[in-house]
1. As an exercise: evaluate residue 286 against (1) within 25 Å of residue 92 (Cα to Cα); (2) at pLDDT 90 or above and give the number of the one condition it does not meet.
2. For residues that are open to solvent by 10 Å² or more (accessible area, probe 1.4 Å) and within 14 Å of residue 131 (Cβ to Cβ), tally how many sit in the stretch 20-35.
3. What number of residues within the stretch 453-478 are open to solvent by 40 Å² or more (accessible area, probe 1.4 Å) and among the basic types (Lys, Arg)?
4. Just checking: which of the strands (runs of 3 or more DSSP E) contained wholly in the stretch 331-428 hold 1 or more residues that are open to solvent by 20 Å² or more (accessible area, probe 1.4 Å), small (Gly, Ala, Ser) and farther than 24 Å from residue 459 by Cα?
5. For residues that are within 21 Å of residue 72 (Cβ to Cβ) and part of a loop (DSSP other than H, G, I, E, B), tally how many sit in the stretch 83-106.
6. Tally time: how many residues in the stretch 185-204 are open to solvent by 50 Å² or more (accessible area, probe 1.4 Å) and in contact (Cβ under 8 Å) with a residue 40 or more places away in the chain?
7. Select from the stretch 309-330 the residues that are touching a residue at least 24 places away in the same chain (Cβ under 8 Å), surrounded by 15 or more Cβ atoms within 10 Å (Cβ to Cβ) and of a type outside the set (Phe, Trp, Tyr) and list them in ascending order.
Amino acid sequence: MPLTLAALTKYDDIVIQCHDNPDADALASGMALHYYLTRQGKHPRFIYGGRNKVSKSNLLLMIEHLSIPVSHVAAPEPGFEPELLITVDCQYGESNVTAFPARNIAVIDHHQVSGELPKMSEVRSNYGACATVMYELLAKEQIDINEDEDLATALYYGLMTDTSGFAEISHPADKDLRDFAKFRLSDIILFKNSNISREELKIAGDALKHAHFHEDGSYAIVEAKPCDPNILGLISDMLLEVDSVDTCLVYSMLSFGVKISVRSCVKETKASELASYLTTGLGGGGGHLVKAGGILKKDLLVQSGVEYTGAAIAGLMEERMKRYYEESEIIYAGQHHEDIETLSHYRKKDLNIGYVEASDLASDGTVITIRTLEGDVDMAIRPDLMIMLGIDGEIYPTNREKFMAGNVPLDADYVFPGEYEPVVVDISTGERIGLLPHAHACRALGGAGIYARQLDHRVKVFTSWDTEKYYLGTPGDFLVVRADDTSDVYIVEKSVFERSYELTV
């Protein structure tokens with residue numbers, strides 16, 4: 001079931017936490033949740049962690065003018081263990097969120113899911129801002145944000161800053177907030193014109209003057225002097241407007257590690273995936289398809305043998321970016337024909353799995369996001385669309401003809417093998433739709449089988465199901481081609497493949 005704000009009110013000792021180095025969207029979202037809980041007679045505390053206090057002029061003005069009750073807590077205080085901790089505009093356990101202990105966790109966010117979510121969670125990755133998520137959650141509780149001009153102004157400004165001045169808005173819900181909020185124009189003008197200090201402008205200018213452009217990969221790398229992490233995003237946004245730059249990395253060495261900001265304007269590179277790759281083994285990163293960030297922790301860098309010097313970090317950034325592009329093969333399923341003569345033939349093992357007829361979830365034509373192990377797939381529901389639930393509860397799409405050729409429906413209840421219920425997301429509403437109430441059991445048969453090869457490098461596959469988002473395969477995973485349709489190319493994760501298929505003799 002989707003999270004409701006009312007469900008949070010059964011707790012008394014409540015802490016709201018946004019990510020370290022909060023931006024306007026995080027502050028607005030936390031303020032909105034604090035507003036709701038206070039109206040319900042609760043006494044929540046709104047905090048953010050990390051080493052740095054908010055220092056950007058626009059954010060300080062926002063906190064002051066809109067009376068946002070947020071405070072900085074660098075580390076857990078003795079005895080700190082609230083009954084409920086709610087993270088907003090972030091997910092508990094991420095690298096940019098100080099880990100505070102709590103007896104129960106809830107998450108309200110709009111970023112890509114980075115790990116296992118707690119049962120109390122509302123994550124709408126297709127929304128432009130967490131402010132929009134809070135706007136809709138409040139509306140479901142019959143709360144009009146325009147009852148409080150400070151709140152309406154905060155949510156409007158949070159959405160505006162997280163969507164590059166509304167330039168990146170595409171979801172109807174974001175448009176609703178933009179058009180519905182009765183904000184205080186004088187404050188918005190003040191915040192917009194106090195976004196950076198003169199010193200930060202100089203830092204951005206100096207960084208851009210020394211950008212390293214790599215035409216072979218259409219990317220750029222920039223080092224900035226120590227600054228507020230939000231300035232890295234500003235530099236990234238400016239850099240991405242250069243006509244020869246498709247992706248960029250901006251980083252800054254701080255006392256505790258290297259903060260990075262990543263941008264992408266091409267579908268062949270997800271910013272969130274690139275940020276994760278750049279920080280692998282040394283920290284963590286993530287974010288959106290086009291915007292992401294992360295950190296390489298100083299202690300992990302030193303432990304791995306990397307000197308914490310400007311030259312060494314510059315070399316590491318250059319090497320990882322270069323390796324990312326050299327190691328990544330891109331396959332467009334509709335234009336790609338794998339030479340099956342070089343592949344091994346496999347037969348699917350007889351397994352009891354599950355399936356859902358997509359038309360049971362929503363009306364035909366509804367566009368949904370299917371979250372698979374290898375990536376998200378967007379597609380419209382149609383009468384022949386089937387959603388399979390594999391041996392670990394992983395989900396993937398197929399059509400009715402292919403389903404009937406390789407599976408036999410069973411007259412038995414489907415038993416889900418996973419721990420967390422799989423869902424799809426209705427893109428138009430953001431609603432998370434559970435699959436298990438609509439699932440049926442079936443037995444997978446060998447059929448015509450598949451051809452496959454194990455990967456020794458990274459491969460991005462744009463499937464015939466979704467030409468805008470790729471499935472990512474990493475070394476050890478398998479590239480699979482259906483024997484009865486060689487244009488149907490996709491990725492299967494290593495452990496799932498090994499339990500699902502057997503080599504034919």
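The values are calculated or read from the model by the stated rules, or taken from the named source; none is laboratory data. If you're wondering where the values come from, they're calculated on a predicted model, not measured in any experiment. No Cβ is skipped: glycine too gets one built from the backbone with ideal geometry, and neighbour counts run over all protein chains shown. Surface areas here come from the heavy atoms of the whole protein model, side chains and all, with no ligands, DNA or RNA. Shrake-Rupley method; radii C 1.70, N 1.55, O 1.52, S 1.80 Å.
1. Failed condition: (2).
2. Just the residues of the stretch 20-35 that are open to solvent by 10 Å² or more (accessible area, probe 1.4 Å), to begin with: 20-21, 23, 31, 34-35.
Narrowing the set further to residues that are within 14 Å of residue 131 (Cβ to Cβ) leaves 23, 31, 34-35.
Count: 4.
3. Here the count works out to 1.
4. On the way: elements: 344-348, 351-357, 367-372, 375-380, 385-389, 395-399, 407-409, 423-426.
Filter on the stretch 331-428 gives 375-380.
5. Total meeting the criteria: 14.
6. Keep residues of the stretch 185-204 that are open to solvent by 50 Å² or more (accessible area, probe 1.4 Å), which gives 185-186, 189-190, 192-193, 195-196, 198-199, 201-202.
Going one step further and asking which of them are in contact (Cβ under 8 Å) with a residue 40 or more places away in the chain, we end up with 190, 192, 195-196.
Summing the residues that are open to solvent by 50 Å² or more (accessible area, probe 1.4 Å) and in contact (Cβ under 8 Å) with a residue 40 or more places away in the chain in the stretch 185-204 gives 4.
7. The initial filter retains those residues of the stretch 309-330 that are touching a residue at least 24 places away in the same chain (Cβ under 8 Å), namely 310, 313-314, 317-318, 320-322, 324-325, 327-330.
Then drop every residue that is not surrounded by 15 or more Cβ atoms within 10 Å (Cβ to Cβ), which leaves 313-314, 317, 320-322, 324-325, 328.
Hits for the stretch 309-330 are 313, 314, 317, 320, 321, 322, 328.
Quick grid of which residues meet (1) at negative phi; (2) in contact with a helix residue (DSSP H, G or I) (Cβ under 8 Å, 6 or more places away or on another chain); (3) of a type in the set (A, V, I, L, M):
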{"residue": "324", "(1), (2), (3)": "yes, yes, no"}
{"residue": "328", "(1), (2), (3)": "yes, no, no"}
{"residue": "341", "(1), (2), (3)": "yes, no, no"}
{"residue": "347", "(1), (2), (3)": "yes, no, no"}
{"residue": "371", "(1), (2), (3)": "yes, no, no"}
{"residue": "377", "(1), (2), (3)": "yes, no, yes"}
{"residue": "380", "(1), (2), (3)": "yes, no, yes"}
{"residue": "391", "(1), (2), (3)": "yes, yes, yes"}
